[in-house]
Each structure stands twice: as structure tokens, then as C-alpha cells.
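Notes to accompany the following structure.
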Amino acid sequence: MWKNALDEVFLDFDKGLYSRLEVVSFCIGLFSRELLLEVWVYFPDWVRDGIKDTVLNMEDDDEVVTFGRLDSQQSKRDILRVKRWLIEYT
């Protein structure tokens, strides 16, 4: 199921419907729910680099701004969960 979602987002990105940052943000959210090496290696290099740049610089006391689209506290927990996975497995 996650592959279909990613393929659709990457296709829409190729069509110009999403920016790189939007794709990286989507992938962080998806990856926080599917912390699997299989998902990580499915991401293109530029997505993995974008995820690393975003989450590895996040500190526990940083604030996450979601502009009301998502719960900011849940988004922060998701980002920190991905960060812990990256530190342990990459």
C-alpha cells in the first residue's frame, strides 16, 4: 500500500504538482508510520537526503509549525521517531 502512495506522489512531483519539500514532508509522515528498511531504500536519494537534513537537525525542544493542517505535536513526535530510527539504522 505504501508503494502505491509513494509512486503516486513521485508521479505528481514529476508533473510539477508538488515541490521537493512537499514530497520530503509527505515521505517523513509516511515513513514515521512504516519504519521499515524496505521503505527507506525505496525513496530516491534526494528524498533520503531531504529527510536526513530535516530530521537529524531537529532537537527535542524545537517547535514544529504545521499551519493548522496537521497536529503539530503529533508531527513533532513523528519527526523525532524517524530521527531515532535514522540514528540507529543508518
Check: Among residues other than residue 21 whose Cβ falls under 13 Å from its Cβ, what is the net charge (Lys/Arg +1, Asp/Glu -1)?
Finding: -2
Margin query: Along the charge dipole of the stretch 2-89, pointing to its positive end and built from +1/-1 on Cβ of Lys, Arg, Asp and Glu, which listed residue (36, 21, 85) has its Cα farthest out?
Written below: 36
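For the chain, what relative contact order do you get, as a whole percent, if you take Cα pairs closer than 8 Å and at least 6 residues apart?
On the way: 57 pairs, mean separation 26.3, N = 90.
Result for the chain is 29 percent.
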Check: Averaged over all directions, how much area does the convex hull of the C-alpha atoms of the stretch 1-78 cover when projected, in nm²?
Finding: 5.4
Checklist line | Cα-projected label distance for residue 5 with residue 56, points at 7 Å along beta-carbon direction, nm | finding: 2.5
Checklist line | trypsin sites (Lys or Arg not before Pro) lying in DSSP loop within the chain, provided at most 11 other Cβ fall within 10 Å | finding: 15, 69
Margin query: Please list, in order along the stretch 24-34, the HN-Hα scalar couplings obtained from phi with the Karplus expression 6.51 cos²θ - 1.76 cosθ + 1.60 (θ = phi - 60°), rounded to whole Hz, x for Gly and Pro.
Written below: 4, 4, 4, 5, 4, x, 5, 5, 5, 8, 10
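Each value in this text was obtained by applying a stated rule to the coordinates, not by laboratory testing. Worth saying up front: this structure is predicted, and the values here are computed from it rather than measured. When we count neighbours, we look across all protein chains shown, and the Cβ atoms used for this are built from the backbone with ideal geometry, even at glycine.
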